[in-house]
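The values are calculated or read from the model by the stated rules, or taken from the named source; none is laboratory data. Since we're looking at a predicted model, the values are computed, not measured. Reconstructed Cβ throughout: ideal geometry from the backbone, glycine too, with neighbour counts over all protein chains shown.
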């Protein structure tokens, strides 16, 4: 579908979220299967209301270069499972110690710490298993899993969380914040675009453009998140706000100021849009990129 | 190599462990790579002295049906990474709260809880990534990952840990203990034999026999572990003993008594040996099975 306005992007995201939720519902173990408690806990976090940004981007990027929906869907769901796993573990008392997420009690508040740790573990393992089990073209599986594994591991999201925890209370430094954001957030968003390219068997130029686009909107997304933590209310974002400041977290606006951070996010989106233009015939990726920095939740 | 005595099994295990340790050393991120702290933590647990039973079984089972060493090695290392991840998370204060493992301080005692949680996560993700990245025959990757994912997830090891925690302090019940042991321990040991069959492109009869063999020695291994917890010293096993009793854990000897548990382990090994005999020309799998219940650590 051709979309050009923020509203169109919202409509596209809502439709993608609905499709991803239906697939999550189907592929997550049902709550009645033994042991029910961990399945309830996995479903609590993976099916909680969310933007489903990573899978939506994968679907949009994949379609823009001609991949089949059926090829994209297992990878899309896997990305959301990895994202859900990371939220469950990041919220634990030993990490960010959060009690509210997506407007609901966090997993360990609802199910206890032991179950939350194990549910996060199981969500991560299920992500890899799903790609291997459900991807119709089996020859794509190895590439998809290498990209997802790298983006999730210590060179990606998990490494970013470590750097984030280590940096608490250290002096403002843009190089450090950039590295944290690149790993903690941009790596998985970039991976969603790279996995889309694999699903579409895209040529090297398209794959490269998608990776660069993904990295830039990933950074812009996290800068916007930092800004929302400073300026939005908990009702708007569904989690406690101003907590970065309380904890002495390094944030982009904390280093460069609110206005400069807004400008940086806008510039990154402009670059992303420019890079992706030749590979985005219907303008969906442009629209999604612009929507990401305009959001208020 | 043809082996027939306990001593030969010990020699085989030691040689396999050496090979697996060299591969772990090569494939684990080096401690100098950023963020060094989590890499140190991963290496602390994955390289700690251990029997490397799961990878050794995979190598032995794979060789017995003609698989190449190079095909087996990534899967072998992946099994050990999943095992190490499970130990790190099971030892956490919110779970079994252990401070000694393999004769060393547990990961969270040494590196703190946050790093231990993230190191466990990273070890699990690396397991799947390694199979996808390093298996020379890429068409085997999807099958290997489905087996490993199932054995690790809520139908396997993680589900077993949930059942184990839920069963603490409940009345003795052999059906429940069997289900816990099947999932918590036998699933991954069975998977090591099933993955070996995939690597060897074994026929259905061989694959089935290997799976049944693996499940039985997995159960026998855990029964022996329960017995050692009751009867061995911490110096022998490298972790605190008699803790199952203190915590009201369901154990096999706790339900049927020490002598009956010894007999059950022996019977399971006999069944395993009988099942595998037609597919074990050199007797390696028989020897390993017998060694497992005879061990004192």
Exercise. Spot the failing condition for residue B:32; the list is (1) farther than 22 Å from residue B:161 by Cα; (2) more than 11 Å from every other protein chain (Cβ to nearest Cβ); (3) in a helix (DSSP H, G or I), and only one is missed.
Key: (3)
Practice problem: For residue B:75, indicate whether it is part of a helix (DSSP H, G or I) and under 14 Å from residue B:144 (Cβ atoms). | Solution: yes
Exercise. Name, by its number, the condition in (1) farther than 17 Å from residue A:56 by Cα; (2) without any contact (Cβ under 8 Å) to a residue 60 or more places away in the chain that does not hold for residue A:247.
Key: (2)
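Residue A:165 - would you say it is closer than 18 Å to residue B:148 by Cα and either assigned to a helix (DSSP H, G or I) or within 9 Å of chain B (Cβ to nearest Cβ) (or both)?
Values: closer than 18 Å to residue B:148 by Cα: no; either assigned to a helix (DSSP H, G or I) or within 9 Å of chain B (Cβ to nearest Cβ) (or both): yes.
No.
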Quiz item: residue B:70 passes all but one of (1) touching a residue at least 12 places away in the same chain (Cβ under 8 Å); (2) in a helix (DSSP H, G or I); (3) at the interface with chain A (Cβ under 9 Å from one of its Cβ atoms); (4) surrounded by fewer than 22 Cβ atoms within 10 Å (Cβ to Cβ); which number fails?
Solution: (3)
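Quick one: is residue B:52 at pLDDT 95 or above and at positive phi? Write out each step before concluding.
Working: at pLDDT 95 or above: yes; at positive phi: yes.
Yes; evaluated as a whole, the condition is true for this residue.
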Exercise. Read through the list (1) away from chain B (no Cβ under 12 Å); (2) within 19 Å of the chain's Cα centre (by Cα); (3) within 27 Å of residue A:138 (Cα to Cα), then give the number of the only condition that residue A:81 fails.
Key: (1)
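Which helices (runs of 4 or more DSSP H) sit wholly inside region A:185-269 and have at least 1 residues that are touching a strand residue (DSSP E or B) at 6+ places or on another chain (Cβ under 9 Å)?
The helices (runs of 4 or more DSSP H) meeting that bar are A:234-237.
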Quiz item: In region B:175-198, is there at least one residue being farther than 30 Å from residue B:137 by Cα, surrounded by fewer than 24 Cβ atoms within 10 Å (Cβ to Cβ) and at pLDDT below 95?
Solution: no
Quiz item: Got a number for residues in region B:84-99 being touching a strand residue (DSSP E or B) at 6+ places or on another chain (Cβ under 8 Å) and either at pLDDT below 95 or not in a helix (DSSP H, G or I) (or both)?
Solution: 2
Quiz item: Could you list, in sequence order, the residues of region B:177-187 that are within 11 Å of chain A (Cβ to nearest Cβ) and touching a helix residue (DSSP H, G or I) at 6+ places or on another chain (Cβ under 6 Å)?
Solution: B:180, B:183
Quiz item: Quick one: in region A:35-49, which of the residues that are part of a helix (DSSP H, G or I) and touching a residue at least 60 places away in the same chain (Cβ under 8 Å) is surrounded by the fewest Cβ atoms within 10 Å (Cβ to Cβ)?
Solution: A:40
Quiz item: residue A:192: closer than 25 Å to residue A:16 by Cβ, within 11 Å of chain B (Cβ to nearest Cβ) and in contact (Cβ under 8 Å) with a residue 24 or more places away in the chain, yes or no?
Solution: no
Practice problem: Could you run through region A:95-119 and say how many residues are free of Cβ contacts under 8 Å to residues at least 40 places away in the same chain and within 26 Å of residue B:151 (Cβ to Cβ)? | Solution: 5
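Yes or no, residue by residue, for (1) crowded, with 18+ Cβ neighbours inside 10 Å; (2) more than 19 Å from the chain's Cα centre (by Cα); (3) over 25 Å from residue B:55 (Cα atoms):
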| position | (1), (2), (3) |
| --- | --- |
| B:205 | no, yes, no |
| B:217 | yes, no, no |
| B:243 | no, yes, yes |
| B:247 | no, yes, yes |
| B:251 | yes, no, yes |
| B:255 | yes, yes, yes |
Self-check item: The lone exception for residue A:213 - which of (1) within 16 Å of the chain's Cα centre (by Cα); (2) under 18 Å from residue A:50 (Cα atoms); (3) in contact (Cβ under 8 Å) with a residue 60 or more places away in the chain it fails
Solution: (2)
Practice problem: Would you mind finding the one in B:58, B:92, B:87 that is under 22 Å from residue B:158 (Cβ atoms), buried (at least 24 other Cβ atoms within 10 Å of the Cβ) and in contact (Cβ under 8 Å) with a residue 24 or more places away in the chain? | Solution: B:58
Quiz prompt | The lone exception for residue B:282 - which of (1) touching a helix residue (DSSP H, G or I) at 6+ places or on another chain (Cβ under 6 Å); (2) surrounded by fewer than 18 Cβ atoms within 10 Å (Cβ to Cβ); (3) in a loop (DSSP other than H, G, I, E, B) it fails | solution = (1)
Quiz item: Filter region B:100-158 for residues that are facing another protein chain (nearest Cβ under 7 Å) and outside any helix (DSSP H, G or I); which is nearest to the chain's Cα centre (by Cα)?
Solution: B:153
